[in-house]
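Notes follow once the structure below has been shown.
The values are calculated or read from the model by the stated rules, or taken from the named source; none is laboratory data. These figures come from a predicted structure and were not determined experimentally. Positions of Cβ are generated from backbone atoms using ideal geometry, with glycine treated the same way; all protein chains shown enter the neighbour counts. Protein only, heavy atoms only, side chains kept; ligands, DNA and RNA dropped before computing areas. Shrake-Rupley method; radii C 1.70, N 1.55, O 1.52, S 1.80 Å.
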Amino acid sequence: FQYMAPEQLEGLEADARTDIFSLGAVLYEMATGNRAFDGKTKTSLIAAIVKETPRPIAELQPLTPPAFEHVVDKCLAKDPDDRWQSAQDIASELQWISSAGSQAGVPAPLVGARLRRKRFLAVAATAGWLLAIGSAIAAAMFASRWRAARQVTQAEISAAAISVQEAPLAVSPDGRSVACVVLDGKTPKVTIRDLSSGMVRTLAGTDGAGFLFWAPDGHAVGFFSSTKLKTVNAETGAIQVICDAPFGRGGAWSTQGVIVFAPNIASPLMKVGENGGTPVVVTGSTYQPGFSHRNPMFLPDGKHFLYCAGSARQFLVGNELHAGSIDGKLDRKILSYASNVSYVDGWLLSVRDRNLIAQRLDADALELKGKPVAIAQNIDWYDGRWQGMFSAGAATLVYQHGAQPQRQLIRLDRLEGQAALAGEAGYFAGPRLSPDGQRVVLNRFDPVTHTSDLWMNDLAGGPVTRLTFGARGSMEDSSVFSPDGQRLAVAILEGAGSSALWIQPAGGGTRESLIQATGDFLVIEDWSRDGKTLLITPQRTNSGEDLDLIHLDGDRKRVPFVHSNASEQGGRFSPDSKWVAYQSDESGRPEIYVTNYPAASTKWQVSTGGGTRPSWSSDGRQLLFLTPEGRVVSAAVHSTATFSADTPHPIEALGDRLIDFTVAANGGLVAVRQIDSGQAPLKVVINWQELLLRGK
């Protein structure tokens with residue numbers, strides 16, 4: 001406190017002139033042997049600094065040059081504007097005093113008496129003064145830099161990161177860089193941003209990357225793409241394929257040269273050498289079938305790691321954060337909830353109820369200490385993967401608030417018609433039109449409660465009807481109208497984390513159960529025109545998404561239709577039930593394919609530049625799908641004994657920025673346009689630990 005400037009004590013903004021005040025206090029004490037300001041208590045000391053003037057130096061040391069006293073007095077001015085404005089000004093003034101004799105203001109009678117001594121001591125005195133002053137300036141500069149180094153600094157980065165589902169954010173261990181997955185055009189790729197220079201580099205060969213993690217020395221980034229675990233050199237961009245990982249769900253890189261990773265949706269963690277090799281199960285002793293071990297993160301010793309453990313489906317309850325070791329001999333519960341985590345300087349960061357939480361963790365004893373402290377609220381969070389959008393390294397914390405997209409329905413009464421807006425803008429997904437094109441079912445999200453349910457909208461302006469009451473917030477419930485429009489097949493994610501499938505009247509009423517509490521996550525895709533068959537997509541823990549059938553006029557058991565090691569979804573029956581269109585990522589990115597029905601013995605690829613959300617026109621003569629550029633395109637179909645399709649062309653009336661669409665049996669179409677992504681900027685906090693240490 002003895003060396004603090006008035007503006008510091010009053011909580012005002014500090015700058016370089018604050019350090020000049022501190023330098024003045026040091027020079028005063030060096031010249032007189034007394035502190036410039038003093039008090040018996042901290043309160044009286046603060047009052048002295050803010051209001052009082054130190055005793056004149058000449059009263060304590062009569063031989064002090066007046067010019068030197070002027071330098072010190074000006075350093076100690078209460079108002080920063082009245083002080084020297086730079087340390088360079090002070091250095092120049094002191095150098096002039098040391099060499100100017102009586103011109104510097106030393107009293108004339110003393111000059112003659114001191115002349116011989118001055119010659120004798122000139123070198124020593126000058127060296128002593130300069131050494132002392134240099135030390136004082138160095139001390140002041142060090143203090144300034146130390147304060148700046150510990151100052152909490154916050155900034156924002158506008159980044160088009162992909163969904164939190166893909167864990168696209170990782171801060172380097174030294175806190176100097178941030179690796180993100182951003183959209184390069186329409187393709188997600190890894191980019192690295194240097195926080196000091198702001199330079200951003202996009203790394204080629206990282207298409208479709210997710211679940212990023214850094215090497216402990218920061219030379220490379222690990223990621224999952226195209227069913228592989230890979231690494232990319234942060235400087236050269238060199239890609240290395242480490243091993244197979246069909247549905248990677250997080251990795252961590254040890255100082256021991258080992259990578260621990262989750263290869264699948266429901267599996268134990270495995271370990272592999274950082275340069276590749278044969279993976280070995282590392283958490284097998286505690287693994288239970290149907291469970292998931294994922295989101296690993298190494299502790300500083302490089303031997304122990306934290307990871308999420310729980311049911312692959314019951315992600316809403318009963319999951320935990322555990323500690324394990326690369327020798328497979330340790331299993332210890334750390335938190336009673338599951339979340340991706342960061343560990344920095346004894347602080348464990350996690351997300352609970354969308355709050356970013358910090359709590360002390362003894363990494364040696366693997367024990368939590370003290371009380372948890374909330375750092376930020378409304379963190380972007382995905383229940384299904386226990387994943388929050390944040391990462392920390394050294395003094396740097398980066399996080400993102402939850403998105404609040406705004407979307408608009410666009411309506412076409414026929415494919416060649418003019419587009420018109422339908423209903424109010426909001427956050428919704430998964431549109432399905434009734435056969436007559438007058439009603440649409442949507443997943444609507446409530447930004448206040450962070451929950452969603454299925455709602456039916458009357459496109460003519462009639463009432464909005466709520467169909468489900470699960471309020472889970474997943475935005476993944478699905479539905480499809482029966483061919484006559486009188487019934488709905490509905491698939492929802494239930495509280496236990498598994499899906500249920502039923503049929504109900506379109507206006508609401510008694511449910512006819514088809515599947516109860518299956519272990520798979522299900523999406524209802526389509527209902528054949530003859531009303532006899534449902535097409536569904538189950539997400540399986542080992543093979544990803546597949547296409548299954550349910551024959552309503554038979555035993556109603558699920559029958560495999562298209563199964564492979566790739567992910568198939570979005571299946572749609574052609575109006576004549578000869579074909580099924582679907583999307584698959586077997587080529588490394590989603591493309592549109594068509595197979596014959598009911599055999600599924602042959603397939604044809606329709607898209608070449610990527611495609612999702614296939615649909616047929618009402619007469620079956622056109623196959624429509626969504627391009628990566630956000631446009632709906634249509635390809636003329638030739639269906640005789642075999643299948644073929646022309647080059648697709650865009651439906652210009654719909655425009656771009658489309659994220660989904662649905663076609664009715666009467667030829668109408670409704671698309672969802674993204675008005676505003678609602679994506680918050682990335683929040684960057686430097687020296688975030690200071691907030692915790694100060695109790696803020």
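Just for the range 563-575: of the residues that are touching a residue at least 40 places away in the same chain (Cβ under 8 Å) and closer than 22 Å to Leu626 by Cα, which one is surrounded by the fewest Cβ atoms within 10 Å (Cβ to Cβ)? Give the derivation first.
Initial filter on the range 563-575 (touching a residue at least 40 places away in the same chain (Cβ under 8 Å)): 565, 569-575.
Pick out the ones that are also closer than 22 Å to Leu626 by Cα and you get 569-575.
On the way: Gln569: 22, Gly570: 24, Gly571: 25, Arg572: 23, Phe573: 22, Ser574: 22, Pro575: 16.
This residue is Pro575.
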When the residues of the range 507-543 are filtered to those that are among the charged types (D, E, K, R) and over 30 Å from Pro463 (Cα atoms), which remaining residue is modelled with the highest pLDDT? Lys532
When the residues of the range 182-208 are filtered to those that are of a type in the set (A, V, I, L, M) and without any contact (Cβ under 8 Å) to a residue 40 or more places away in the chain, which remaining residue is farthest from Gln387 (Cα to Cα)? Met199
Output the residue which, of all residues in the range 1-30 that are of a type outside the set (Gly, Ala, Ser) and part of a loop (DSSP other than H, G, I, E, B), is surrounded by the most Cβ atoms within 10 Å (Cβ to Cβ). Tyr3
Please enumerate the residues belonging to the range 609-624 that are open to solvent by 20 Å² or more (accessible area, probe 1.4 Å) and under 17 Å from Leu658 (Cα atoms). Gly609, Thr612, Arg613
Members of the range 267-277 that are open to solvent by less than 10 Å² (accessible area, probe 1.4 Å) and either hydroxyl-bearing (Ser, Thr, Tyr) or touching a Gly at 6+ places or on another chain (Cβ under 8 Å) (or both): Leu269
Of residues in the range 640-662 being of a type in the set (Gly, Ala, Ser) and more than 20 Å from Val594 (Cβ to Cβ), the one least open to solvent (accessible area, probe 1.4 Å): Gly655
Quick one: count up the residues across the range 388-405 that are surrounded by fewer than 22 Cβ atoms within 10 Å (Cβ to Cβ), among the polar types (S, T, N, Q) and either in contact with a helix residue (DSSP H, G or I) (Cβ under 9 Å, 6 or more places away or on another chain) or under 12 Å from Lys683 (Cβ atoms) (or both). 0
For strands (runs of 3 or more DSSP E) lying entirely in the range 530-585, having 3 or more residues that are among the hydrophobic types (A, V, I, L, M, F, W, C) picks out 533-540, 547-551, 558-562, 579-584
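This table checks each residue for (1) in contact with a Ser or Thr (Cβ under 8 Å, 6 or more places away or on another chain); (2) closer than 25 Å to Pro188 by Cα; (3) open to solvent by 50 Å² or more (accessible area, probe 1.4 Å).
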residue: Leu626; (1), (2), (3): yes, yes, no
residue: His638; (1), (2), (3): yes, no, yes
residue: Val670; (1), (2), (3): yes, no, no
residue: Asp676; (1), (2), (3): no, yes, yes
residue: Ile686; (1), (2), (3): yes, no, yes
How many of the residues making up the range 327-346 are open to solvent by less than 30 Å² (accessible area, probe 1.4 Å) and within 24 Å of Ala262 (Cα to Cα)? 9
Sort out which residues of the range 426-449 are open to solvent by less than 50 Å² (accessible area, probe 1.4 Å) and either in contact with an Asp or Glu (Cβ under 8 Å, 6 or more places away or on another chain) or over 16 Å from Arg466 (Cβ atoms) (or both), and write them in order of number. Ala429, Gly430, Pro431, Leu433, Ser434, Pro435, Gly437, Asn443
When every residue in the range 278-308 that is among the small types (Gly, Ala, Ser) and at pLDDT below 95 is compared, the one least open to solvent (accessible area, probe 1.4 Å) is Ser292
Within the range 70-97, considering residues that are closer than 19 Å to Ala58 by Cα and under 51 Å from the mean Cα position of the chain (by Cα), the one most open to solvent (accessible area, probe 1.4 Å): Lys74
Which of (1) at pLDDT below 95; (2) of a type in the set (A, V, I, L, M, F, W, C); (3) open to solvent by less than 50 Å² (accessible area, probe 1.4 Å) does Leu549 not meet, given it meets every other one? (1)
Scan the range 319-326 and tell me whether some residue there is hydroxyl-bearing (Ser, Thr, Tyr) and crowded, with 21+ Cβ neighbours inside 10 Å. no
Within the range 27-53, track down each residue that is within 13 Å of Pro6 (Cβ to Cβ) and either of a type outside the set (Lys, Arg) or touching a residue at least 40 places away in the same chain (Cβ under 8 Å) (or both). Ala36, Phe37, Leu45, Ile46, Ala47, Ala48, Ile49, Val50, Glu52, Thr53
Give just the number: which of (1) among the aliphatic types (A, V, I, L, M); (2) surrounded by fewer than 22 Cβ atoms within 10 Å (Cβ to Cβ); (3) at negative phi; (4) in contact with a strand residue (DSSP E or B) (Cβ under 8 Å, 6 or more places away or on another chain) does Ala600 not satisfy? (3)
Condition first: in a strand (DSSP E or B), in contact (Cβ under 8 Å) with a residue 40 or more places away in the chain and over 11 Å from Arg572 (Cα atoms). Now tell me which residues in the range 604-623 satisfy that. Trp604, Thr612, Gln622
Search result, residues across the range 350-363 that are touching a residue at least 12 places away in the same chain (Cβ under 8 Å) and acidic (Asp, Glu): Asp362
